[in-house]
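Novice: Let me give you the structure first, and then I'll get to my questions.
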Amino acid sequence: MVETPRFIIDHIVSDGAQVTRPSIDPYREPVETHLYLFNGTLRLSMPVAIGGLRDLGKEEVSEVIRACYRMGVLVDLNGLTEVPEEALRRQSHAIAPIGAANSSMVNALQLTISGPDATELETMRPVHENQTLVARVPPLEDTSFYRDLFEAGFRGIIIDEDLDHHDAVELEVATSVCDRALKVPGPDGLPMRNLISLLVSSERLRSSSDAFKLIGLGAEVVVLPEAWKIAIDYRPQMERPLLSERLEYFLIGVQKELKLLAGAAGVSSLWTSLVGSRELFRSIELDNSLRVRLGVKSAGEW
Amino acid sequence: MSGEPLEISHVKSGCGVFGVLRKRGAPPISPEVALAGIECVRYRGSRFGAGFGLVRTGPQSRRIKAFAASDEVAEELRRELQQRIGKVELIGSEYASDGKIYASYVFEPVDEQDHRSLRRSIGAVNRAFSRPTIRARIYSWGRYVEVFKGIGYPSDVYELYSLSDKVEAADLWISHTRQPTNSPGRLPIWSHPFASGEWAIVHNGDVSSFGANMEFLSSLGADSFVGTDSEVIALLLDYLTSEIGLKLEEACRALVNPFEGSEDTLTGQQLSALRGAQLDGPFSVVAGFSDGNEAFMVVLVDRFKFRPIVVGEDENYFYAASEEAQIRRVSPNARVWTIEPGGYMIASTDRGLIRPGRRARELFMRFSSSVRHPTPTGVVIDALGLNHSRINSLLRDLAVRGCEEVSLINVSGQRYIGVGVDRPLKVKIHGTPGNCLANFNDCVDFEVFGSVQDDVGDVMHGGSVVVHGDARDVLGQALQGGYVFVKGNAGNRCGIQMREYSHKRPYMVIGGTVDDYLGEYMAGGVIVVLGLGYEDSDLPLVGKYVGSGMVGGRILVRGEVPRDRIGYLPPREDVVQYLRGLKLDGELDDRTFRELISAQHLDYEILRERLAPDLLKRVGKLFEHKYFRRLRIEPVRLDAERFEDVCSVLREFGKRFSLEREVERALDGRFTLIEPLRGPTVDAVRRELPKEEG
Amino acid sequence: MEISSYLRVPKRESIEFWNDNRIMHIRELATSAKPRYVWDPCKEGSRRLLDRVRFRAEVGEGNGWNSTLEPLEDLDASCDIAYGRIWMAAPLYLGDMSFGALSGVPNVALARAADETGTLCGIGEGGVHPDVARCRRIFVQWASARFGLDLHALRLGMGTVIKIGQGAKPGIGGHLPGAKVVSIISKTRRIPVGVDAISPAPHHDIYSIEDLEQRIWALKEATGNPVFVKVAATNYVPYVAAGVARMGADGIIIDGQGAGTGAAPSVVRDNVGIPIELAVPSVDRMLRREGMREGFTVIAAGRVSSAEDTAKLIALGADCVSIATAALIAMGCIMVHKCHLGFCPAVLTNRIEEEPKKVLSLDVATRWVTNLIRGWTGELKLILERVGLNSVRELVGRRDLLTAGDISEDSRRAMGLER
């Protein structure tokens, strides 16, 4: 590896297609990054989402919501006490926390579940029929916990590494475990995994390549609560048009890098071919037992 | 590697495929046909594996077939099977094992079970016999479908099973010769066809979605894999049709997964439900299937068409093959056509052609069937039984001795014809030359009475190639001198990287139509698509992504080219979403918004026409990148002054094919000119935040 | 002005593989043509796996290393390059840097040095520079864009390299902006002046292993020369190598992660591909298992910085190594990473102009590279002596001579080493 590795993802490399299958040039040929969440009801242009809005001013939050809507990108409103007017007008592209003002009016409603013993699991019911329930959970290595969420009626899971739990594991491990836990037959003969959307979030995520690898481990959307702020040099009270313009270019840049990585691996559709496709990845210098928990092979192995 | 579960290892392969299906009323197909169709491309495969599969309709008894290491293991397997599905009889083995290779054993269940529980039982048995290493494996268990496969070339496997003596004619045959990148041991289980239930498939490809596909199948309960993408394809077809209950066409679409915005794209809901069943990366698949009443042949090809596949039909049969020469071998006058990128063909014994594999039905009808052969002239060489080295050394010798004209007759699939001939010569080819005709050509004039296959005229600097039939994919790559004329249709990626230099300018003229990526990366020269015979049709003469990445040269297409077929555009949905956002923000008026989204082609140029510069700059970022080049798209008439060179080349084209009148009529009509706009490129790059190089 | 001396290496803030010690070592070889060390001291403290693997001989020597520096007289370093059996004086291949990426003089210097030292020089994808065309020991590259190639150019070399991928950017194409396509570049590449030169990401005639076979034999049919295939070290490289061998190629060049280039998208450079020291042993093992190792040449590339690296990679299963960045350093490269900008201070990768103000001295550059190879070979002989072998060929695949240090269990197994 070129840089000093800090996290598990830094020990994982992606495939480069050659000879047996061609790579794809994303500048001249299609590499699809779009996806659908919540049983096909919400189309997103790319598998990254923007979060970390808690400390932003009201106007800035609105600016972020507008920019993300134009870009077809999901906004994670976690931490807000009120669902902004902008989000209500564009609600399909936002997930709002339960309890926030106006949250009964959004399509995707998020409930934080502190862990497998949480009482909310028993009592939770959607406010209205069309509302999708999303569970925000700490990163746990607990197969039955994730299946219980499905049984309790949740149709989305956000594994949030910034939530504390005494049994919390690394996000990489939790993502892979959750993805595999849900790969069992569900109702209507379809895989349970295909009936629920998996999102992950962590303040430590830096870039498109982090997102790409987490997608390979099973996430459908990777929320970046901090990376975008660093990339666009966010400062409080920054000029709003500048904020949205830079955010849009950041998202386009991330999308291009995702396409480059997918194209290099000979993948032309991220959502259908890459999500949970651990086979495309290899680990380098990772502890053997950790690697097995991730379900990834080591470099040099065939 | 040792210690890892078997199903994780991924066995990669490339190959040659063949399929033939009987039409209603036609005589059943003998196994010799399946052999002839695959043996003529034995160079695509290797001694590492081959196989045959058949489909029979009507009342049949189920045969469960397994490879096993010995009679004892076979008996053990029978007992295991019997525990799960009731009484099972071992009928015998199909060939004697010499101790080194596994023998194939045939079993017959006494009681019939339903499809699902039978499949579950087969999976459980296979799993039990695959740990720690494979001792036995059930590879075919259909009532209407049966597989014969082994180690060796197709003819070896044919002999091994004594197919000509022991096996009756059938409604459908598929056959395969295998070129593995890795051949684990000497087990026949990795040979094709792969079967699951009433499906058997042969496959040429290396699917990049393999991991996702396998996990999708596991989550439906599939639990034993030998670890190849080909097996996964057979399982997917079986699970989607029998477990999830999709119709044949729906299952094909789910696997092929046409790009968003195509006619056949799956809805978000369908994709959500079936995510993981889509194939990505290169594949061409020929499959046989039966519901007992009719037999189906299904052909699938990937969205980029990275693998060769042609289909054809004559009075009695439908065909599918890796190379045209295979079909011509068994049916010299069949009509042969190509499948579009991301397309699928379905034909059945009873209903004939259900899907032709080309979305516009009329188009496939215009592919060439047989080509008129004039009397051979010059020095005549019978190419029957000659390999390419022999042919080329004869050509080189003749050229050195001052011979001017050679006719090669009975050409059937020989590759590299003309490679290395570095003195002027006229070469007339009668038949179907193999891939890589006229590569590196500098001074030889080729004329082909028949169709040509892939990679013709790569890095050609001079001379000419004149084709009286059709051409397949990657025609004239990096063509930089001389001319290439095709009377009929051409395939994917024609004229990519064409370029001109100094006094040399190459020309490519296609009489019919072309598929995707015409003139990709083009840097010089001229491509003309005439669409002769399509004058009255509204169908576009070109596929998608015309001139994508084009930096020089000219493309001329008769008539109008839909603008969304030119260049590579961001997804329409994304552009519409951006405009929708601008409208909600109050920055775009409702009328313009509605005009734009109802426009047929939402490309950069229409945004330039309709939007104010500040808004264009904002939406434009979806289109722009550091390599973005605007193209000039202009309706033109080929006036003698501006297009003098093109007109004389087209007249020459008319003369060569006796199509003078048709060409003159085309010259009177309108063309669409596509060429790069010169001048500075869009400055979008500098505005981008994340650093990017390339 | 002619450049004929080394520039001072500027201070660098981040820790780099090519640190000052490695640069100084190469400069010492390039100026003296004599061995400097037996065991390379530059590996100390490095994170690279290859640096953490040691020869048992060195470990056994304790602190007495680097005392004797008198190399053996003779070195039997012939590499069997089948299909013509090309003899090499040392297992060194000067790797695949194109005219265009380098500014002309360095290209000629490398080719001449290969002729003088009996090694080989891969010319990269840029057509054949007229002065390079006069050299004999060159490998002509057939890449996705086929720049500057025709029958004549293909037949100039001793062999042909089909370039599929490179370690710094597996699966990614190339793009030379039109502004850099000046007259001489246009001539050698046979493209119009001022028009972008694009190399597509894949070869559009090679989508499969049998397509590759078709191209290998088309090139053999045209040239009669051996054909090598250059690939990046990626996850499936053992399969790729087995396929390449089975399809009739004479050898493979495997380019590891972290290999140099002037221009690669960093997201790909840092996240795609595996280190050469993991790729080589797994390729070697796969080829042996399939019975295809005999008569097939494996060239290892990517961060080969010393004779010790060379010896280790050969012990892990390669026949030969490719050196590129090290050769550039020998010609004065100071690793400022400005290659793609066109104003290289060492005038190696600077923009090509009709009448440049500064040029590299061809004679000096040739001597530097020639010296480097001689000094390097000297060090290699010393290592062979220490491990008790008489020839490089005996070293191939001798994993038993190496010991895995503190590397992970997975890596140790992949490399086939004992602790």
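Just so it is clear, none of the values below were taken in a lab; they were calculated from the coordinates. Please read all numbers here as calculations on a predicted model, not as lab measurements. No Cβ is skipped: glycine too gets one built from the backbone with ideal geometry, and neighbour counts run over all protein chains shown.
Novice: So, R0 is 41 Å and r is the distance between the beta-carbons of C:R12 and A:R235; what FRET efficiency does that work out to, to 0.05? Before the final figure, lay out the partial values.
Specialist: Numbers: r = 30 Å, r/R0 = 0.74.
With a Förster radius of 41 Å, E is 0.85.
Novice: Starting from the Cα gyration tensor of segment B:265-323, take the square roots of the eigenvalues, sort them a ≥ b ≥ c, and report rounded, prolate or oblate (rounded when a/c is under 1.5, otherwise prolate if a/b is larger than b/c, else oblate). Provide the component values of the computation, followed by the final result.
Specialist: Values: a/c = 2.88, a/b = 1.44, b/c = 2.01.
Because a/c hits 1.5 or more and a/b fails to exceed b/c, segment B:265-323 counts as oblate.
Novice: How compact and how long is chain B, expressed as Rg and Dmax of its alpha-carbon atoms in Å?
Specialist: Over chain B's Cα set, Rg and Dmax evaluate to 27.3, 84 Å.
Novice: Quick one: which of A:K256/C:K180; A:K58/A:K213; A:K259/C:K312 span more than 27 angstrom between C-alpha atoms? Walk me through the numbers before you get to the answer.
Specialist: On the way: A:K256/C:K180 25 Å; A:K58/A:K213 33 Å; A:K259/C:K312 36 Å.
A:K58/A:K213; A:K259/C:K312, as the Cα separations exceed 27 Å there.
Novice: Could you please state, rounded to a whole Å, how far the C-alpha centre of segment C:400-414 is from the C-alpha centre of segment B:503-534?
Specialist: 56 Å
Novice: With a sphere of radius 10 Å drawn around the Cβ of A:R293, what net charge do the other residues whose Cβ falls strictly inside it have (Lys, Arg +1; Asp, Glu -1)?
Specialist: Numbers: positive: A:R291; negative: A:E141, A:E170, A:E172, A:D287.
Neighbourhood net charge equals -3.
Novice: Provide the FRET efficiency to the nearest 0.05 for the B:I409-C:S5 pair, computing r from the beta carbons and using R0 = 41 Å. Can you show the working numbers first?
Specialist: Details: r = 68 Å, r/R0 = 1.66.
That pair, B:I409 with C:S5, gives E of 0.05.
Novice: Right, next: Just name one of B:A74, B:L622, C:I185: the one whose Cα is farthest towards the positive end of the charge dipole of the protein assembly as shown (beta-carbon charges, Lys/Arg +1, Asp/Glu -1).
Specialist: C:I185
Novice: What do you get for the angle between helix B:644-656 and the principal long axis of chain B? Use alpha-carbon atoms, 0 to 90 degrees, nearest ten.
Specialist: Roughly 50 degrees between the two axes.
Novice: Related question: Fewest first, what order do B:H388, B:H625 take by the number of other Cβ atoms within 10 Å?
Specialist: Values: B:H388 22, B:H625 19.
So the residues, fewest neighbours to most, are B:H625, B:H388.
Novice: What residues have an amide H closer than 5 Å to that of C:V359, excluding those fewer than 5 places away on the same chain, when H is modeled at 1.01 Å from N in the peptide plane?
Specialist: Hits under the 5 Å cutoff: C:E2, C:I3.
Novice: If you don't mind, there's one more thing I want to ask. Report, in debye and to the nearest 20, how large the dipole of the protein assembly as shown comes out about its Cα centre when Lys and Arg carry +1 and Asp and Glu carry -1 on their Cβ.
Specialist: On the way: 170 positive and 189 negative charges, 497 e Å.
Roughly 2380 debye, rounded to the nearest 20.
Novice: Any chance you could get the radius of gyration and Dmax over the Cα atoms of segment B:572-624, in Å?
Specialist: According to the Cα coordinates of segment B:572-624, Rg and Dmax are 9.7, 25 Å.
Novice: With the Cα gyration tensor of the protein assembly as shown in hand, convert its eigenvalues to equivalent ellipsoid semi-axes via √(5λ) and list them largest first in whole Å.
Specialist: Working: eigenvalues 362, 344, 274 Å².
One finds semi-axes of 43, 41, 37 Å for the protein assembly as shown.
Novice: If packing is taken as the average count of other Cβ atoms within 10 Å, what order do C:148-159, B:427-438 fall into, highest mean first? Each step should come with its number before you reach the end.
Specialist: Working: C:148-159: 20.3, B:427-438: 26.6.
Taking the mean over residues of other Cβ atoms within 10 Å, the ranking is B:427-438, C:148-159.
Novice: Using unit Cβ charges (K, R positive; D, E negative) and no other charged atoms, how large, in debye to the nearest 20, is the dipole of segment A:8-298 about its Cα centre? Show your work: numbers first, answer last.
Specialist: On the way: 30 positive and 42 negative charges, 184 e Å.
Dipole about the Cα centre, nearest 20: 880 debye.
Novice: Lysines near C:K163 by alpha-carbon distance under 17 Å, same-chain residues fewer than 8 away left out - which ones?
Specialist: Once the sequence-local lysines are set aside, what remains near C:K163 is C:K220, C:K230.
Novice: Kirkwood hydrodynamic radius (Cα pairs, Å) of segment B:539-662?
Specialist: Values: mean 1/r = 0.0588 Å⁻¹.
Every distinct Cα pair counted, the radius reaches 17.0 Å.
Novice: Show the residues, 5+ positions off or on another chain, whose built amide H is closer than 5 Å to the amide H of A:T132.
Specialist: Long-range HN contacts for A:T132: A:A108, A:L109.
Novice: I'd like the Karplus ³J(HN,Hα) series for segment B:65-73: coefficients 6.51, -1.76, 1.60, θ = phi - 60°, whole numbers in Hz, and an x wherever there's a Gly or Pro.
Specialist: Coupling constants for segment B:65-73: 10, 9, 8, 9, 6, 7, 4, 5, 5 Hz.
Novice: Sticking with this structure for a sec: Order the peptides C:349-360, C:27-38 from the highest to the lowest mean number of other Cβ atoms within 10 Å of their residues.
Specialist: Details: C:349-360: 15.0, C:27-38: 19.8.
Order by mean packing, descending: C:27-38, C:349-360.
Novice: Which of the listed residues, B:T133, A:V267, C:V369, is farthest toward the dipole's positive end in the protein assembly as shown, when Lys, Arg count +1 and Asp, Glu count -1 at the beta-carbon?
Specialist: C:V369
Novice: Next question. Aspartates and glutamates near B:K166 by alpha-carbon distance under 17 Å, same-chain residues fewer than 8 away left out - which ones?
Specialist: Cα-Cα hits under 17 Å: B:E32, B:E94, B:E146, B:D156.
Novice: Taking each full run of DSSP H in chain C as one helix, which ones are at least 15 Å long along their axis (Cα atoms) and have mean Kyte-Doolittle hydropathy of at least 0.0?
Specialist: On the way: long enough: C:20-32 (18 Å, -0.59); C:105-117 (18 Å, 0.16); C:209-223 (21 Å, -0.49); C:276-289 (19 Å, 0.09); C:362-387 (38 Å, 0.24).
In chain C, the long hydrophobic H runs are C:105-117, C:276-289, C:362-387.
Novice: Set Lys and Arg Cβ to +1 and Asp and Glu Cβ to -1, take the dipole of chain A about its Cα centre, and tell me which of A:L217, A:I8, A:V73 lies farthest positive.
Specialist: Going by the Cα projections, it comes out as A:V73.
Novice: Would you work out the Kirkwood radius for segment C:309-419? I mean one over the mean of 1/r across all pairs of different Cα atoms, in Å. Could the numbers behind the result be given before it?
Specialist: Details: mean 1/r = 0.0594 Å⁻¹.
For segment C:309-419, inverting the mean 1/r across all distinct Cα pairs yields 16.8 Å.
Novice: Under a point spin-label approximation (7 Å from Cα along Cα-to-Cβ), what is the A:S92-B:C647 distance to one decimal in nm?
Specialist: It works out to 5.3 nm between the two label points.
Novice: Please report Rg over Rh for segment B:371-434, where both radii come from the alpha carbon positions and Rh follows the Kirkwood definition.
Specialist: 0.93
Novice: Show me, for segment C:141-151, the HN-Hα J-couplings you get by feeding each phi into the Karplus relation (A = 6.51, B = -1.76, C = 1.60, θ = phi - 60°), rounded to Hz, glycine and proline as x.
Specialist: Result, rounded to whole Hz: 9, 9, 10, 4, 8, 6, 4, x, 9, 8, 4.
Novice: Any idea what the dipole of segment B:572-624 comes to, in debye rounded to 20, about its Cα centre with Lys/Arg Cβ at +1 and Asp/Glu Cβ at -1? Provide the component values of the computation, followed by the final result.
Specialist: On the way: 10 positive and 12 negative charges, 9 e Å.
I would put it at about 40 debye.
Novice: Could you give the semi-axes, largest first, of the ellipsoid that matches segment B:520-598, computed as the square roots of 5 times the alpha carbon gyration tensor eigenvalues and rounded to whole Å?
Specialist: On the way: eigenvalues 214, 58, 16 Å².
Semi-axes (√(5λ), whole Å): 33, 17, 9.
Novice: Further question: Taking segment A:8-298 as the region of interest, what is the percent of Cα-Cα pairs per 10 angstrom bin, listed from the shortest bin to the one with the maximum distance?
Specialist: Histogramming segment A:8-298 at 10 Å steps yields 6, 29, 37, 22, 5, 0 percent.
Novice: Need one word for segment C:123-209: rounded, prolate or oblate. Basis is the Cα gyration tensor (sqrt eigenvalues a ≥ b ≥ c); a/c below 1.5 gives rounded, then a/b vs b/c decides.
Specialist: Values: a/c = 1.88, a/b = 1.06, b/c = 1.77.
In terms of gyration-tensor shape, oblate.
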